[in-house]
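Read through the structure below, which is laid out as structure tokens, and then see the notes.
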Amino acid sequence: MVKDVALQALEVAGRSVRLPERLDGIIARFEDGSVSVQTPAVERRIARLESIGRRLVPALLFGALLIGGVLLRADDAVFGTVLMVASIVPLLHVLFTSRRG
């Protein structure tokens, strides 16, 4: 029992002696900017948000062109039809681009 206590005391003393050196090393890495944190869950969510954003812009453009064409067609049939036909391009982009990013 005394031997176990003595061994534990030696181990604690050894750690206590090495602790300042280890802390200096950690602080130096923080100051150098060499510490990196990897968060795969956050990176996956950001990638998903970017993918949604890439599909959202053409979808909004499709809606704006289609609604604008429908509203404008009553006054100017040619320009209204052109806008509705032009809305096909962003619609196809939304439908056929990869969802995986």
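Some points to look at:
- Just one of the listed residues (92, 83, 61, 66) is surrounded by fewer than 13 Cβ atoms within 10 Å (Cβ to Cβ) and in a helix (DSSP H, G or I), and it is 92.
- Lone unmet requirement of (1) within 35 Å of the chain's Cα centre (by Cα); (2) at negative phi for residue 33: (2)
Rule-based calculations on the coordinates, nothing more; no lab input. Computed from a predicted structure; not experimentally measured. Cβ sites come from the backbone with ideal geometry, for glycine too, and all protein chains shown count toward neighbours.
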